[in-house]
Each structure stands twice: as C-alpha cells, then as structure tokens.
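Here's the structure we're looking at; comments come further down.
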Amino acid sequence: MRINSQILTVPNALSGYRVLVTPFILYFIFAGWQQFFLLFLCINIISDILDGAIARAFKMQTNFGARLDSIGDIGTYIAAAYGTIEFKWQEVSNADSWLWIFAAFFILPFIVSFLKFRKLPSLHLYSSKIGGTIDGVFFFYLFFFGYSPWLLALAIGWGICSFIEQIVILLLLTKLKPDAKGLYWVLKSIKASN
C-alpha cells in the first residue's frame with residue numbers, strides 16, 4: 001500500500017501530534033497535574049501556529065491537512081476549556097453565563113455543517129485565527145498572571161462573532177471547502193460564479 005506524499009508533510013505531522021496528545025492532556029487535567037497540562041497545551045498551541053504557517057509558506061495545503069488541523073483545533077479547545085474549568089473556575093466563574101453562551105456558539109457551526117454537509121467544517125477563517133490568538137493570550141494570561149475580565153470579554157465577544165460568521169458561510173455554501181478566509185471572500189466567490 002502506497003501512502004500519498006501529500007499526507008506525509010510537516011504540517012500534517014504537527015496537526016497529527018495535536019490530535020494524538022489531546023487524550024494525554026485531558027488525563028493530566030483529570031489527574032490534577034496542572035504543570036503537565038500547561039506544558040503540553042502550550043506545545044499544542046505553538047504547533048497549531050506552526051502547522052498553518054509552514055503549510056502556507058511551502059504550499060503544502062491539502063483538504064486532508066485542513067481537516068486534520070480542524071480536529072486538532074477542536075481537541076485543543078476542549079482541553080483548554082476543561083483545564084480552565086478544573087484549575088481556574090474560581091477566577092472565571094463570575095462569567096459562567098457568557099462562557100455557556102460561548103460554548104453554545106462554538107458547537108452551532110458543527111451542527112450546521114453536519115446537518116448540511118455531513119462533514120466537519122474546516123473553513124479556517126481569518127476571524128477564527130484571530131479569535132484563536134485572543135483565546136491563547138487569555139489562556140496564557142490567566143494561568144501565568146491572573147484573571148483579566150476585559151481579556152475574557154474580548155475573547156468571548158470575538159469568538160461569538162467568528163462563530164456567527166462561520167454559520168452564515170456554512171448556510172451560503174453549496175459545497176464545503178477549506179480555507180474560505182471569510183464572508184467577504186465567500187460572497188465575492190458566489191457573485192463571480194453567477
């Protein structure tokens with residue numbers, strides 16, 4: 001059996017690492033090992049930044065890689081959320097209603113994508129990348145410096161706007177495609193095809 005060389009790339013290896021290590025990160029949280037949780041989650045976040053940058057710089061972008069990256073992102077988000085609840089709930093609990101709203105909006109694009117396309121969305125929007133960066137900054141700040149209400153509000157607000165953009169794009173698309181960039185580019189593409 002021959003494996004496609006487009007699958008065996010550095011970006012896919014980094015995304016695959018994130019997928020494989022996520023159960024270990026979840027175990028570290030369950031066991032109460034905050035230092036190991038932080039170490040491996042930070043590596044996950046850095047590998048997420050690197051895989052996309054390498055894929056774009058060396059033109060190694062593939063549908064398989066986009067889907068693998070999305071699975072790695074989901075695992076990282078779940079691990080970060082679970083770790084925050086387990087280790088820092090006392091600090092963030094005053095925003096629990098907003099965190100539940102954020103979680104609902106996080107799940108909605110997956111529901112829309114599965115209902116419409118029967119697939120996991122991997123749109124890779126610019127707003128999602130910015131949102132992931134804001135979430136990462138909030139996470140680092142929370143664990144290394146302390147709770148920042150305005151940073152949490154920014155992360156939640158930006159995230160909800162990004163999830164709404166994903167839902168609108170999923171409703172507009174007739175075929176699921178990775179790297180949609182954003183609503184502007186999707187509308188431009190739809191207009192050009194009419």
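Any chance you could run the full-extension gain for Ser148 through Ile78? It's 0.36 nm times the residue separation minus the Cα-Cα distance, nm to one decimal.
Value of the extension gain: 23.1 nm.
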*Which one of Leu115, Ala103, Gly159 is farthest out on the positive end of the charge dipole of region 82-194, using unit charges on Cβ (Lys, Arg +1; Asp, Glu -1) and the Cα centre as origin?*
Leu115
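With r defined as the distance between the Cβ atoms of Lys191 and Lys129 and R0 fixed at 22 Å, what FRET efficiency is calculated, to the nearest 0.05? Present the calculation step by step, with values, prior to reporting the outcome.
On the way: r = 24 Å, r/R0 = 1.10.
About 0.35, to the nearest 0.05.
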_Extension gain, Tyr184 back to Gln90 (0.36 nm per residue minus Cα-Cα distance, nm)_ = 29.9 nm
_Spelling out what I want: for every residue of region 160-172, take phi, set θ = phi - 60°, compute 6.51 cos²θ - 1.76 cosθ + 1.60 (Karplus), and round to whole Hz; glycine and proline get x._
4, 4, 5, 5, 5, 4, 4, 4, 4, 4, 4, 6, 7
*Selection of chymotrypsin sites (Phe, Trp or Tyr not before Pro), region 96-194, meeting DSSP coil and at most 10 other Cβ within 10 Å*: Phe145
*Assign unit charges at the C-beta atoms only (+1 for Lys and Arg, -1 for Asp and Glu), then state the dipole size of region 1-110 relative to its Cα centre in Debye, rounded to the nearest 20.*
460
*Given springs between every Cα pair under 10 Å in a Gaussian network model of the chain, which of Thr76, Thr62, Thr174 has the largest fluctuation?*
Thr174
*Expected 222 nm ellipticity per residue - DSSP helices of 4 or more, -39500 (n - 2.57), all of the chain, to 500*: -27500 deg cm²/dmol
*Considering only lysines 8 or more places apart in sequence, or on different chains, count the pairs in the chain whose C-alpha atoms sit under 12 Å apart.*
4
*Using the Cα centre as the reference, give the magnitude of the dipole from point charges on the C-beta atoms of the chain (Lys, Arg: +1; Asp, Glu: -1; all else neutral), rounded to the nearest 20 debye.*
1000
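Relative contact order for region 10-193: what percent, with Cα pairs under 8 Å and sequence separation of 6 or more? Can you show the working numbers first?
On the way: 169 pairs, mean separation 42.4, N = 184.
Normalised by residue count, the contact order of region 10-193 is 23 percent.
If you average 1/r over every pair of different alpha-carbon atoms in the chain and take one over that average, what Kirkwood value in Å do you get?
Numbers: mean 1/r = 0.0567 Å⁻¹.
Value: 17.6 Å, from the Cα pair sum.
Each reported figure results from applying straightforward, stated rules to the coordinates on display, with no laboratory input. Everything numeric here is computed off the predicted structure, so don't read it as measured data. A quick note on method: Cβ atoms are made from the backbone with ideal geometry, for glycine too, and the neighbour counts reach across all protein chains shown.
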